[in-house]
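Here is the structure we will look at.
The values are calculated or read from the model by the stated rules, or taken from the named source; none is laboratory data. Keep in mind it's a predicted model, so treat the numbers as computed, not measured. Positions of Cβ are generated from backbone atoms using ideal geometry, with glycine treated the same way; all protein chains shown enter the neighbour counts.
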Amino acid sequence: MTQEETNTEEKILEAAKNVFLKKGMAGSRMQEIADEANINKSLLHYYYRSKEKLFLAVFRFAVKQFIPGIRDIILSEKPIVRKIEMFVDSYIEILFQHPFVPIFIIQEIQRDPDVLSGALMESGVDPQEILQVFYDAIDRGEIRPINPLEIMLNMLSLCIFPFAAKPVMQRVFFDNNEDAYMRFLEKRKKTVTEFMIKAIKP
């Protein structure tokens, strides 16, 4: 693929991300994505023959931006408390950079969960490998006996929900002041880390 083709594809993915975020998979049209990318529809179909393939490409692109780094943190040799601190900090920072991801997933998770889970598995995620890290920490006495799945779900939920609920939370609790809400989200790094560590320490 030439540099020009790479640039065009990246432009398409960015445009598709914006349209999918606004309208979801079902409500989006290829013509809208072509217009957003400032290209003709024929060129869009040259790269992606269907809306479904384009959607999957956007999701895979988003996942590849953060899964490897998160996986490296969890599987590192660092103490479990440090892993949680790094995970939360990195994950929230990624959500700052890609705020469309939570809403993107929520919009589509009921439509076709196999597509989303398949993309996650293709990214190299091994759920059992990650859960084993917490089982090992329990065995070493670093954390109290608690289902590792509960730990992961709680940690992900605490990180993701404020981003997914931003349109409502910002209006209800911050008088639609985006700067104030973003400062609140930045503080979540420390808040979530402290909450999780208190919840799992022996």
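Residues of the stretch 17-52 being assigned to a helix (DSSP H, G or I) and small (Gly, Ala, Ser), which ones?
Result: Gly24, Ala26, Gly27, Ala34, Ala37, Ser42.
Checking the condition within 22 Å of Glu142 (Cα to Cα) and part of a helix (DSSP H, G or I), which residue from Phe87, Phe55 passes?
On inspection, the qualifying residue turns out to be Phe87.
Could you check Leu95 against (1) surrounded by 14 or more Cβ atoms within 10 Å (Cβ to Cβ); (2) free of Cβ contacts under 8 Å to residues at least 12 places away in the same chain; (3) closer than 19 Å to Phe161 by Cα and say which number it fails?
(2)
Quick one: what pairs do we get from the stretch 131-151, first residue free of Cβ contacts under 8 Å to residues at least 40 places away in the same chain, second outside any helix (DSSP H, G or I), C-beta under 7 Å, 6+ apart or different chains?
Within 7 Å, the pairs are Ile138/Pro145.
Yes or no: the stretch 124-138 includes at least one residue that is among the polar types (S, T, N, Q) and touching a helix residue (DSSP H, G or I) at 6+ places or on another chain (Cβ under 7 Å).
no
Given (1) at pLDDT 90 or above; (2) part of a helix (DSSP H, G or I); (3) out of contact with any helix residue (DSSP H, G or I) (no Cβ under 6 Å at 6 or more places or on another chain), identify the lone condition not met by Arg71.
With respect to (1) at pLDDT 90 or above; (2) part of a helix (DSSP H, G or I); (3) out of contact with any helix residue (DSSP H, G or I) (no Cβ under 6 Å at 6 or more places or on another chain), Arg71 is out only on (1).
Look at the stretch 160-185 and say how many of its residues are in a helix (DSSP H, G or I) and either in contact (Cβ under 8 Å) with a residue 40 or more places away in the chain or of a type in the set (A, V, I, L, M, F, W, C) (or both).
14
Just the residues that are small (Gly, Ala, Ser) and surrounded by 17 or more Cβ atoms within 10 Å (Cβ to Cβ), please, taken from the stretch 60-82.
Scanning the stretch 60-82 gives a single hit, Ala62.
Any residue at all in the stretch 28-44 that is under 24 Å from the mean Cα position of the chain (by Cα), basic (Lys, Arg), modelled with pLDDT under 85 and surrounded by fewer than 19 Cβ atoms within 10 Å (Cβ to Cβ)?
Scanning the stretch 28-44 turns up no residue that is under 24 Å from the mean Cα position of the chain (by Cα), basic (Lys, Arg), modelled with pLDDT under 85 and surrounded by fewer than 19 Cβ atoms within 10 Å (Cβ to Cβ).
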